[in-house]
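Here's the structure we're looking at; comments come further down.
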Amino acid sequence: MRHMQFVNPQIFWALALLAIPVIIHLFHFRRFKKVYFTNVRHLREIKEETATRNKLRNLLVLLMRLLAFVFLIFAFAQPYMSNKNGGDQRKNYVSIFVDNSFSMQSMSEDVPLFDKARSRAEQVISAYGAEDEFQVFSHSLRGAQQRWLSAEDAITAINDLAIVPKVSRISQVLQRVQDDDELDGNRKVYILSDFQKSITDVDGQLDTTVDHSLIPFQSVKENNISIDSVWFDNPVPIGNQNNTLMVRVTNHGDEDVDNVRLMLVQNGQTKPEGTIAIPSRSSILDSINVLLVNTGWQQIEIKIDDYPIQFDDSYYIHFNIKETVSVLAINEDKPNKYLEAVFKGLNTFRLTNTNLGNIQYDAFSENDLIVLTNIRTVSTGLAGALTNYVANGGNVLVFIPEGIQKETYNTLFRAFNANSITDVYNEEKAVYTINTSEFIFDNVFESKQANLKLPVTTLSYGFTRFSQRGGEVLLSFRDGTPLITKYPFDKGKLYVCGAPLETEFNDLVLNAEVFVPMLFKMALSSSSNDEIAFFIGKDNLTEVRNTVSGNEVIYKIKGPEEFIPGQTNLGNKTLIDFNNMVNTAGYYNLELNEQKVRGLAFNYNRIESDLDYYSPKELEAMFENVTIIEDSGIADLASVIKEKDSGLVLWKWCLIFALVFLAFETLILRFWKV
């Protein structure tokens with residue numbers, strides 16, 4: 001049942017001021033006026049009539065004044081009819097989210113939106129009592145922000161907030177602030193944000209037992225251009241040659257943009273790469289040729305000039321050109337002399353031969369490529385070790401020799417979800433097609449129409465042809481059957497050559513222009529699993545191979561910031577967790593015992609690059625059972641919140657009645673002549 005309450009009942013002491021109109025009445029209307037008569041016999045009659053009319057008029061004027069003052073005092077007392085929660089005297093638990101992302105740096109009336117949001121958050125707190133408790137959330141959504149604070153501590157927490165690169169969606173924020181459902185009191189949530197469309201979503205139904213209020217802030221809309229992503233055209237950058245770097249640039253504005261300067265910063269040296277034109281609301285792809293002369297870790301930054309939004313104008317990548325590529329050849333008989341000859345001529349490669357009986361399975365991870373040359377029987381132990389090695393990013397090349405135990409090979413291939421051996425062809429077959437669109441043979445030959453001497457086999461194997469196996473043929477015969485096929489498996493790759501390596505059956509090793517680049521790029525492709533860049537707050541995990549053992553191994557990340565990341569040992573690899581501890585874009589190093597293990601590059605999240613915002617009306621249509629409090633035109637947010645929480649507000653009606661009664665008084669005095 002509703003009943004009337006007052007926000008400021010102490011103002012009723014002003015009812016004593018009602019004596020003012022009474023005093024005015026007594027002293028103003030008791031003044032005598034001169035009346036001229038030609039005949040005094042009518043004096044008594046006129047005097048009685050005038051006194052009666054004056055008395056009624058004066059009483060009405062006094063009544064109007066008293067009612068006007070009464071309703072004016074009631075207006076200041078702010079009466080309201082309490083709603084279903086208005087009379088609930090339980091403690092209030094108030095959660096406040098303050099948007100502290102990059103977009104809140106935009107200006108509104110010469111004040112950054114973030115500063116305005118913090119000021120409004122303090123006013124929210126002032127709308128509640130000293131016994132109420134508060135939570136202060138930001139985009140970091142740290143566990144410490146779950147704590148309930150006093151009003152004073154909550155204001156301190158708001159003042160300690162700063163702009164951060166991490167961005168959380170509104171659905172994540174709402175989920176976090178609604179998690180605590182064991183509180184005995186009124187639950188209230190305030191979201192103070194610019195409500196950018198890219199992060200504002202609705203994930204499921206809101207908790208109807210919680211009072212949700214959204215306070216949107218509007219800024220001057222700016223045009224923005226961003227570098228969204230950068231990647232190499234080939235999976236692995238290769239030293240001593242030009243590598244094509246792809247750059248995606250987006251114009252988020254409503255106007256076409258010309259002459260956007262694109263620049264390349266390579267290992268500290270800046271080089272202009274020309275200008276680009278981008279139509280409105282669209283993206284373009286541009287390419288940059290990068291010559292990588294030195295080995296080791298390379299740092300490249302692609303950047304543009306775009307004002308005033310600049311957090312997405314640079315994109316950092318950090319990648320490795322290996323100084324040494326390790327290849328392990330597993331042989332059943334003596335090592336293959338042609339294979340040794342190929343790698344002997346390549347200074348960056350280190351070939352190790354091992355006999356089938358002397359394999360060290362735990363050393364597989366130290367190699368970039370494992371080659372099986374003349375093994376006739378694949379043991380279950382070797383098959384399991386190879387499967388695990390490839391799953392963790394390694395590459396295996398299998399040459400199937402003469403006289404194999406077919407079922408052991410098919411068991412190996414089934415583990416990789418590869419096609420199985422079916423037939424043996426003891427006939428001469430010539431390779432007819434090279435897949436130059438795949439990484440292994442891409443950019444290898446000066447001309448795809450060149451007259452290459454292609455391999456010829458006198459013994460080859462046929463395979464099942466299940467397309468769902470996902471194999472990609474690299475070399476194929478005229479009849480369409482494959483000689484070499486690539487099978488991606490987890491993080492690595494299996495390459496299967498359906499012919500022996502020996503020259504009496506296969507002259508592939510004698511075709512240096514095919515065989516040498518094939519081995520070279522197969523070995524290099526093990527680096528394709530290393531991320532060249534991460535997004536702050538989005539990508540938080542990476543893996544490294546273990547090179548040392550022990551429980552006291554501690555990795556460190558050094559760069560613009562330095563910290564110890566989370567780490568989980570998983571056998572021959574370690575999972576590195578950045579734990580959202582990176583706040584500054586740039587280059588970092590992952591170190592172990594002061595030695596660089598790998599390079600890292602972090603970029604700011606691009607989720608806020610599109611500067612489109614929801615209007616208050618759009619938010620009202622999107623969210624159900626929420627209150628939209630428009631920031632513009634509100635002088636005292638605390639009073640608005642008190643009114644919102646109270647119920648049906650009556651002070652405006654009181655003010656209207658006060659003005660109405662004053663108007664009646666004016667009309668009486670003006671038109672009721674005595």
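The values are calculated or read from the model by the stated rules, or taken from the named source; none is laboratory data. Small disclaimer: the values here were computed from a predicted structure and weren't measured. In this analysis, Cβ positions are derived from the backbone assuming ideal geometry, glycine residues included, and neighbour counts consider all displayed protein chains. Areas reflect the complete protein model, heavy atoms only, side chains present, ligands, DNA and RNA absent. Shrake-Rupley method; radii C 1.70, N 1.55, O 1.52, S 1.80 Å.
When segment 398-438 is filtered for residues that are touching a helix residue (DSSP H, G or I) at 6+ places or on another chain (Cβ under 6 Å) and within 20 Å of F505 (Cβ to Cβ), only I421 remains.
Say whether the condition of being acidic (D, E), within 30 Å of D645 (Cα to Cα) and open to solvent by 10 Å² or more (accessible area, probe 1.4 Å) is met by at least one residue in segment 206-218.
Taking segment 206-218 and keeping what is acidic (D, E), we get 207, 211.
Within this subset, residues satisfying the condition of being within 30 Å of D645 (Cα to Cα) are 207, 211.
Those still in the list that are open to solvent by 10 Å² or more (accessible area, probe 1.4 Å) too: 207, 211.
Taking every residue of segment 206-218 in turn, at least one turns out to be acidic (D, E), within 30 Å of D645 (Cα to Cα) and open to solvent by 10 Å² or more (accessible area, probe 1.4 Å).
Of everything in segment 64-87 that is assigned to a loop (DSSP other than H, G, I, E, B) and among the polar types (S, T, N, Q), the residue that is modelled with the lowest pLDDT is N85.
For A430, the conditions (1) touching a residue at least 12 places away in the same chain (Cβ under 8 Å); (2) open to solvent by 50 Å² or more (accessible area, probe 1.4 Å); (3) under 28 Å from N355 (Cα atoms) are fulfilled apart from (3).
Can you pull out the residues in segment 236-268 that are closer than 27 Å to N443 by Cβ, at pLDDT below 90 and surrounded by fewer than 16 Cβ atoms within 10 Å (Cβ to Cβ)? Explain how you work it out, then say what you get.
As a first pass, look at segment 236-268 and keep what is closer than 27 Å to N443 by Cβ: 236-249, 262-267.
From what's left, at pLDDT below 90: 236-243, 267.
Hits for segment 236-268 are N240, Q241, N242, N267.
If the condition is being assigned to a helix (DSSP H, G or I), surrounded by 15 or more Cβ atoms within 10 Å (Cβ to Cβ) and not hydrophobic (A, V, I, L, M, F, W, C), then segment 102-125 contributes S103, Q105, K116, R118, R120, E122, Q123. Filtering segment 172-193 to residues that are open to solvent by less than 20 Å² (accessible area, probe 1.4 Å) and closer than 25 Å to N603 by Cα leaves V173, S193.
Out of the residues in segment 433-479 that are hydroxyl-bearing (S, T, Y) and in contact (Cβ under 8 Å) with a residue 24 or more places away in the chain, state the one that is surrounded by the fewest Cβ atoms within 10 Å (Cβ to Cβ).
Initial filter on segment 433-479 (hydroxyl-bearing (S, T, Y)): 433, 436-437, 447, 457-458, 460-461, 464, 467, 476.
If we keep only those that are in contact (Cβ under 8 Å) with a residue 24 or more places away in the chain too, we end up with 433, 457-458, 460-461, 464, 476.
Details: T433: 15, T457: 22, T458: 15, S460: 23, Y461: 23, T464: 12, S476: 17.
Taking the candidates together, the pick is T464.
When you scan segment 380-390, do you find a residue that is touching a residue at least 60 places away in the same chain (Cβ under 8 Å) and closer than 17 Å to M518 by Cβ, even just one? The answer is no; no qualifying residue exists. Taking the criterion of being assigned to a loop (DSSP other than H, G, I, E, B) and closer than 23 Å to I300 by Cβ, the residues of segment 585-627 that qualify are A585, Y604, N605, S609.
The sole residue among K596, K673, K652 that is at pLDDT 90 or above, open to solvent by 50 Å² or more (accessible area, probe 1.4 Å), over 30 Å from L161 (Cβ atoms) and not aromatic (F, W, Y) is K596. Flag: K644 matches the condition of being assigned to a helix (DSSP H, G or I), surrounded by fewer than 19 Cβ atoms within 10 Å (Cβ to Cβ) and in contact with a strand residue (DSSP E or B) (Cβ under 8 Å, 6 or more places away or on another chain). Filtering segment 497-541 down to residues that are modelled with pLDDT of 90 or more and in a strand (DSSP E or B), which residue is surrounded by the fewest Cβ atoms within 10 Å (Cβ to Cβ)? Per the criteria, the residue is F535.
Criterion first (more than 28 Å from V325 (Cα to Cα), open to solvent by 40 Å² or more (accessible area, probe 1.4 Å) and either in contact with a Gly (Cβ under 6 Å, 6 or more places away or on another chain) or not in a strand (DSSP E or B) (or both)) does K271 satisfy it? Here the answer is no, as K271 does not meet what is asked.
For the structure I just gave you, tell me whether S213 is under 27 Å from F114 (Cα atoms) and modelled with pLDDT of 90 or more.
yes
Of the candidates D577, D610, the single residue that is in contact with a strand residue (DSSP E or B) (Cβ under 6 Å, 6 or more places away or on another chain) and open to solvent by 30 Å² or more (accessible area, probe 1.4 Å) is D577. Residues in segment 557-574 that are within 16 Å of K596 (Cα to Cα), surrounded by fewer than 13 Cβ atoms within 10 Å (Cβ to Cβ) and not acidic (D, E): P560, I564.
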